[in-house]
1. Please find the FRET efficiency linking Gln196 to His263, where r is the Cβ-Cβ separation and R0 is fixed at 51 Å, and quote it to the nearest 0.05.
2. Calculate how large, on average over all directions, the projected area of the Cα convex hull of segment 271-383 is; give the answer in nm² to one decimal.
3. How much of the accessible area of segment 335-387, in percent, comes from carbon and sulfur atoms when a 1.4 Å probe is used?
4. If you take every residue apart from Met239 with its C-beta less than 14 Å away from the C-beta of Met239, what net charge results, scoring Lys and Arg +1 and Asp and Glu -1?
5. Place +1 on the Cβ of every Lys and Arg and -1 on the Cβ of every Asp and Glu in segment 65-134, take the dipole about the Cα centre, and give the residue among Pro82, Pro72, Phe96 whose Cα lies farthest towards its positive end.
6. Run the quick spin-label model on Tyr67 and Asp401: label points 7 Å from Cα toward the beta carbon, then report their separation in nm to one decimal.
7. If I take every Cα pair under 8 Å that is 6 or more residues apart in the chain, average their sequence separation and divide by the length, what percent do I get for the relative contact order?
8. Can you list the HN-Hα couplings for segment 327-333, worked out from phi with the Karplus curve (6.51, -1.76, 1.60; θ = phi - 60°), rounded to whole Hz and with x for Gly and Pro?
Amino acid sequence: MAEETPWQQSLRYANRANPYPFYEELRKTPVSRQPNGSYVASTYQEIVQLLHDPRVSSDMRKRPAQYQFPNPFEGMIITIDPPEHDRDRRRMMRHFGPPECPHMIADLEPEIRRLTAELLDNMKGRTRIDLVDEFAFPLPVTMICKVLGMPLESIPDFHGWIENALDGADFGPEANDPEQQRRAERAAGEVAKLMQYLADLLDQYAEKPGPGMFSGMVNDDGPEGRLPQDRLVNNAALMLFAGHETSVNLISHSVLTMLRHPHVYEQLRRRPELVVPAVEEFLRLESSVQIWHTRCAAEDIDIAGTTIPKGAPIFIAYGSANRDPARFENPDVPDLERPDNQHVGFSQSIHYCFGAPLARLEVQIALAEFVRRVENPRLVEDPPPYRRSQIFRGPLHMMIDIDGIRD
């Protein structure tokens, strides 16, 4: 049996908690060909170069047949190219940010603060909490439901559908294991349930407009009209899962990092004004989106001594780029005052995460209040158990012992 490459080893579930030793090996070849014909970009400079290269396509429909596989992200703005991408993104953004909605994110701050306080109040009298289930998940998922117009009672259903769908995607050596094959088969049905739910909800908003982006998008009378029905549903799904998955992982990893490095926790407790750069540093150190899989070469691309042939899939290893010592000094050590911290935690170029301002605000408020109010938090288990997803990497649960919750 051939020896596994560092990329393949990094994708094994047993290494989900700590893929970084494998990334270090991977970066010795900045753009490496894998046994299945795909290419992995792992260094900061090369990843930034590819993210801005118009010869790199995000549209998996343009791949040769041997590189096609079921894609739950099909039709979303993250998997299409300009000009289709640009038009659809404008149709969505006009309901979320400037110039049409310049105050939308700022206006959400009071509700984020109220919900954060409520979640912490609910922990009073407890000595052990699950940070993921009781804090990191409910804050961003509730907020994205309010932003989009998703009924809060639908959270348990769509959370399960999304989790099962993401668990079905495996790009590593365990993809053909019987249990993973069962996860992949189940994933298609879970995606179908989510899409049907969203289609029905959008139909309801078409008949009777309501609050939130979904209603705004389905009744859009903007200069470019509304999205076609299929792409409306697909992008509704994108906004729903991307609108909370990254923030859940970021809140969890931020607290995990602080508890692993008590001097960082103490620094933020003494200087709460550092919460803004702290969130950027935690996002660099433990990227919520570790890898992305939908890019391919639209032409032959020569980069870092490697030629990526036309049609070849390209994996972008964000988690590796953000720890590249050629770009970040002492990349494995958290530094809340790190200068020039231009990480790729939200990607770059045309596919830069348009929900980043909401995610940043949520996590800044969550961390500031956690540090201010939670007394003497200690990790019960390190590392905590991790989710299966190779794309959205984060703890499944994170048990923490506490001495109390301050007012």
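1. Values: r = 50 Å, r/R0 = 0.98.
Between Gln196 and His263 the formula returns 0.55.
2. Working: hull surface 37.7 nm².
About 9.4 nm², averaged over all directions.
3. Details: 1030 of 2070 Å².
Carbon with sulfur: 50 percent of the solvent-accessible area.
4. Working: positive: Arg89, Arg91, Arg94, Lys146, Arg231; negative: Asp88, Glu245.
Surrounding charge for Met239 is +3.
5. Working it through, the farthest residue towards the positive pole turns out to be Phe96.
6. Result: 5.1 nm between the two label points.
7. On the way: 628 pairs, mean separation 105.9, N = 407.
Across the chain, relative contact order equals 26 percent.
8. 10, 10, 5, 6, x, 8, 10
The values are calculated or read from the model by the stated rules, or taken from the named source; none is laboratory data. Every value quoted in this text rests on a predicted model; they were computed, and no experiment measured them. We place every Cβ from the backbone using ideal geometry, glycine too, and count neighbours over all the protein chains shown. All accessible areas refer to the heavy atoms of the entire protein, side chains included, with ligands and DNA or RNA removed. Shrake-Rupley method; radii C 1.70, N 1.55, O 1.52, S 1.80 Å.
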